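> Structure incoming, see below.
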Amino acid sequence: ELLEKICTGVASCYRYIFKSDKQDKEGDTTAKDTVLFLLYKRKTMKVTEISGELFVSKANVSMLVTKLAKEGLVEKQQDARDKRVYELGLTEAGIQYVLQRDRVLKGFLREKMRCLNQREIQQFQEAIDVLDNIVLKIRNQ
């Protein structure tokens, strides 16, 4: 019952906060945004690192990265020691995309949260902090 509550709760939060009637014109950009925001934060990563971080198969990450490279958002630098491995990073266009999406998402969240009072916003922040700590413990075991 606990696992079902966790799965349902996470899915509901995501659906109610991000999947609104004001859906992006591009459709669902979740995977794209997740990888680009991760690369923005870490500067450079390998496909295997992204795969491990996001719990997604290397094949799926590779396909997405290839698409992002074709869009000019990600650049791939071949590893000098192992020609099969690429170091990934954002292009200038990728950086600008992340900064623009960050502004849009923050504005969207501000709009969604206008119905909350200060105490509810504080409780929401505290709940997120608790969840962050739990996830960190689970990842580090």
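> Would you please give the FRET efficiency between LYS58 and ASP132, computed as 1/(1 + (r/R0)^6) with r the Cβ-Cβ distance and R0 = 25 Å, to the nearest 0.05?
Once rounded, the FRET efficiency stands at 0.45.
> What does the accessible area per residue of region 30-141 come to in Å², with a 1.4 Å probe and no ligands, DNA or RNA counted?
I get 72 Å² per residue for region 30-141.
> Distance between Cα centroids, region 25-94 to region 100-135: provide it in whole Å.
27 Å
> In region 47-141, what chymotrypsin sites (Phe, Trp or Tyr not before Pro) fall in a loop by DSSP, with at most 11 other Cβ atoms inside 10 Å?
Values: sites: PHE55, TYR86, TYR97, PHE108, PHE124; in loops: PHE55.
The qualifying sites are PHE55.
> Also, I was wondering about something else. Could you list, in their original order, any pairs among LYS67/LYS137; LYS46/LYS67; LYS112/LYS137; LYS70/LYS106; LYS46/LYS106; LYS76/LYS106 whose Cα atoms are separated by more than 25 Å?
LYS67/LYS137; LYS112/LYS137; LYS70/LYS106; LYS46/LYS106; LYS76/LYS106
> Run through region 48-95 and list the trypsin sites (Lys or Arg not before Pro) located in a DSSP loop whose Cβ has at most 10 other Cβ atoms within 10 Å.
Filter output for region 48-95: ARG81, LYS83, ARG84.
> Each residue of region 100-110 in turn: what ³J(HN,Hα) in whole Hz from Karplus with 6.51, -1.76, 1.60 and θ = phi - 60°, glycine and Pro shown as x?
Result, ordered by residue: 5, 5, 4, 4, 4, 5, 5, x, 4, 5, 4 Hz.
> With θ set to phi - 60° and the Karplus curve 6.51 cos²θ - 1.76 cosθ + 1.60, what are the ³J(HN,Hα) couplings of region 131-140 in order, to the nearest whole Hz, using x for Gly and Pro?
For region 131-140, the Karplus curve yields 4, 4, 5, 5, 4, 4, 4, 4, 5, 8 Hz.
> Next question, about the same structure. Which percent of the accessible area of region 62-133 is formed by carbon and sulfur heavy atoms (probe 1.4 angstrom)? Please report the intermediate quantities before stating the final value.
Numbers: 2850 of 5290 Å².
Using a 1.4 Å probe with all protein chains present, region 62-133 comes out at 54 percent carbon and sulfur.
> Please list, ordered by chain and number, the residues whose modelled amide H lies under 5 Å from the amide H of LYS46; skip anything fewer than 5 residues away on the same chain.
Those qualifying (amide H under 5 Å, at least 5 residues apart or on another chain) are LEU88.
> Using the Cα gyration tensor of region 64-141, with a ≥ b ≥ c the square roots of its eigenvalues, what is the shape: rounded (a/c below 1.5), prolate (a/b larger than b/c) or oblate (neither)?
Oblate shape, in that a/c is at least 1.5 and b/c is the bigger or equal ratio.
The values are calculated or read from the model by the stated rules, or taken from the named source; none is laboratory data. Just so you know, these numbers come straight off a predicted model, no measurement behind them. Neighbour counts run over all protein chains shown; Cβ positions are idealised from the backbone, glycine included. With ligands, DNA and RNA removed, areas are computed over all heavy atoms of the protein, side chains included. Shrake-Rupley method; radii C 1.70, N 1.55, O 1.52, S 1.80 Å.
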